[in-house]
Amino acid sequence: MSCNHNQDFNQALKIIKEAKKAGADAIKLQTYTVDTITIDSEKECFRINQGTLWDGKTLHQLYMEAHTPWEWQPELKQIAEDLGLICFSTPFDKTAVDFLEEMDVPAYKVASLEITDIPLIEYIASKGKPVIISTGVGTLSDIEQAVNTCRRMGNDKVALLKCTSIYPAPFDEINLKT
């Protein structure tokens, strides 16, 4: 679901229901707070200028608009499960993992931009649940390290997800052969 709810709980519900109607098996949330993912800075390195619809915003502004409020997540999970969907999430720090453990999510996804955050991957893998790792920005050695980290933590329930980390992705950047 990501940020497609536009900070509207009813829109989040509609996305879950439409996903079910479309034949989806699962719905994935993102779990972070704006202050655990970035800082509020006007410096150029915190400003988006990459030819996207978010150009001109700071990362703090983007994540403030994009986050899924934590108070929504238990209810969204329950609604998804009542519809027969699996509901899991992408945590971006240990506090998010702890929150998701309280919700008893059945799996975790590691965002491609977090593929080199080995302490986070260790913490996620230590929970013993399936881990889906997006490989979009990862090099082969990054991917190997992430998988090996999960295994080192005693978790071999790892799946790799091929993705292109450009939104929207131009066709010439997709390269499905990788």
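If T68 passes every condition in (1) open to solvent by 40 Å² or more (accessible area, probe 1.4 Å); (2) among the hydroxyl-bearing types (S, T, Y); (3) outside any helix (DSSP H, G or I) but one, which one does it miss? Failed condition: (1). Quick check on D104: is it open to solvent by less than 80 Å² (accessible area, probe 1.4 Å), under 27 Å from T149 (Cα atoms) and not aliphatic (A, V, I, L, M)? For D104, the condition - open to solvent by less than 80 Å² (accessible area, probe 1.4 Å), under 27 Å from T149 (Cα atoms) and not aliphatic (A, V, I, L, M) - is not met. Considering the range 5-50, the residues that are out of contact with any helix residue (DSSP H, G or I) (no Cβ under 9 Å at 6 or more places or on another chain) and of a type in the set (S, T, N, Q) include one that is surrounded by the most Cβ atoms within 10 Å (Cβ to Cβ), namely Q11.
Is it the case that L62 is of a type in the set (A, V, I, L, M), open to solvent by less than 60 Å² (accessible area, probe 1.4 Å) and either in contact with a helix residue (DSSP H, G or I) (Cβ under 9 Å, 6 or more places away or on another chain) or not in a strand (DSSP E or B) (or both)? Here the answer is yes, as L62 does meet what is asked. I79 meets each of the listed conditions (1) within 17 Å of the chain's Cα centre (by Cα); (2) surrounded by 17 or more Cβ atoms within 10 Å (Cβ to Cβ) apart from (1). Against the definition (of a type outside the set (A, V, I, L, M) and modelled with pLDDT of 95 or more), how does K57 come out, yes or no? Here the answer is no, as K57 does not meet what is asked. The listed residues are S89, S126, and the only one of them that is surrounded by 19 or more Cβ atoms within 10 Å (Cβ to Cβ) and either under 15 Å from the mean Cα position of the chain (by Cα) or without any contact (Cβ under 8 Å) to a residue 60 or more places away in the chain (or both) turns out to be S89. Looking across the range 149-169, the residues that are of a type outside the set (A, V, I, L, M) and under 17 Å from S112 (Cβ atoms) come down to T149, C150, K162, C163, T164, S165, Y167, P168.
The values are calculated or read from the model by the stated rules, or taken from the named source; none is laboratory data. In this text, all values refer to a predicted model and were calculated from it rather than measured experimentally. Positions of Cβ are backbone-derived with ideal geometry, glycine not excepted, and every protein chain shown enters the neighbour counts. For the accessible areas, the whole protein counts, side chains as well, though only heavy atoms, and no ligand, DNA or RNA atoms are used. Shrake-Rupley method; radii C 1.70, N 1.55, O 1.52, S 1.80 Å.
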